[in-house]
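A short worksheet on the structure shown next.
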């Protein structure tokens, strides 16, 4: 059984992993393997008033549903587009008096769609929710108690006029969503705002070093053209590199930046399987993630590494407390002290050092200490590049942020080079039409222009940069010099 001809995939028996998907033709980096609209999707409870419940775009002043007073939309165009799915939900919320938690809403939406369109909503759908794994039998006692509570809440929410559903079947759907739900991001791809279920994507198995990545494509939606918002958001499965015909397709369910045993533990807890991919079974790159510098005395180095590890873990806890309370000066102080001790012993790829560099760079940028922030970001990216797959989206995003930080710090040449590098990676992982790729293209053009100005007259460039950072107008002499440089460039 295969998808439409344009989608070169087929279902096959993947042995101990169960079913899987493989490609029916050779692919190259950046190819879209297939796209899929969600079977059902909902906005997170915490984002319900800030995100459109139809297209999942963040909105400053969304339009609220006048009936249930829960759902919010970009405008009436999005509201009308969503009405076919929302009308049953709207009535249920009004009857219940309030909206239930997101998992209950998602199961209900899936059931309403199943009752209207059947288990297989579109011809290209390769499997149904009934045939997906729920792992209810593998759940721990606490998870089972939460599942029972969710089933009860669903039964209270589900309209009495509708066909009653067995507890076993409802439990199955909650289990399916727990292990197969896919986080939906906002239009910039920077923040998770909801969760959806994509049956075909559920057939793609995990690998810690995958050959594909998944992104949410908001299609042709534009804030300036709301008539296009009615299009259902879709995921894209994209190839990270060359894939041979007949090769299994894989994605990573967890971030690679953890040693093998920690990734395996996280996968076992969330997805109920033991990862035996090559990177886990051989512990590939674990040595880099825990590497220390050669001091000549192995015994002393081991003791020092243990002390620095304990200090790092305690510092992470203190940093998080200070960050949550808004005490950013303390965050910086803690990071500086710990980084100084880490630098003497830990290698540039050690996870503890990379995580602290990430925190320090973010907070220093927020405090507008761009020079020090850029130094931390550069060290962090150098470590990431030795660990991540060269086309990993996380690596691309980190390089992009480091490029912007260097740009703000006045390191225009390094900033431009990093932005170009990030653009190359995100073209593969996100494609040329994703909003974040458009943003990078504009940044690349802007930094290229500024780099040209810097090379022509560094003094004028620094004056323009300082004025921009401080939000001040340019002096008349500097304006004239900028005009002269612009004319010369033409």
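Bear in mind these aren't lab numbers, they're just calculated from the coordinates by the rules spelled out. It should be emphasised that the depicted structure is a prediction, and the values quoted were computed from it without experimental measurement. Neighbour counts are summed over all protein chains in view; Cβ atoms, including those assigned to glycine, are modelled from backbone coordinates with ideal geometry.
Points worth noting:
- Gain in span if fully extended, residue 333 to residue 475, counting 0.36 nm per residue against the direct Cα distance: 47.4 nm
- Helix 260-271 vs. the chain, principal-axis angle (Cα, 0 to 90°, nearest 10): 30 degrees
- Cα pair distances exceeding 18 angstrom across the range 262-341, given as percent: 62 percent
- Shape of the range 164-221, Cα gyration tensor, a/c cut at 1.5: oblate
- The range 436-489: radius of gyration over Cα atoms, expressed as a fraction of 2.2 N^0.38 Å: 1.20
- Relative to the longest principal axis of the Cα atoms of the chain, helix 141-157 runs at roughly 60 degrees.
- Rounded to the nearest 10 degrees, the inclination of helix 167-180 to the longest alpha-carbon principal axis of the chain is 20 degrees.
- Sorting 233-243, 184-194 by average packing, meaning the other beta carbons within 10 Å per residue, from highest down gives 233-243, 184-194.
- For the peptides 10-18, 50-58, the ranking by mean Cβ contacts within 10 Å, running from highest to lowest, is 50-58, 10-18.
- Hydrodynamic radius (Kirkwood) for the range 40-236, which is based on Cα pairs only, to one decimal in Å: 17.6 Å
- Convex hull volume per residue, computed on the Cα atoms of the range 290-386, equals 81 Å³.
- Each of residue 387 and residue 149 was given a label point 7 Å from its Cα along the Cα-to-Cβ line. The distance between the two points is 3.4 nm.
- Adding -39500 (n - 2.57) for every DSSP H run of four residues or longer, then dividing by how many residues the chain holds, sets the calculated 222 nm ellipticity at -17000 deg cm²/dmol.
- Under the Debye formula (equal points on every Cα, no solvent term), log10 I(q)/I(0) of the chain at q = 0.10, 0.14 Å⁻¹: -0.93, -1.49
- Packing-based ranking, highest mean first, of 285-296, 346-357 given that Cβ atoms within 10 Å are counted: 346-357, 285-296
- The fewest-to-most ranking of 114, 418, 49 by surrounding Cβ atoms within 10 Å reads 49, 114, 418.
- FRET E, pair residue 284, residue 444, Förster distance 25 Å, beta-carbon r, rounded to 0.05: 0.15
- Look at 112, 407, 83 and count the other Cβ atoms within 10 Å of each Cβ; fewest to most, that gives 83, 112, 407.
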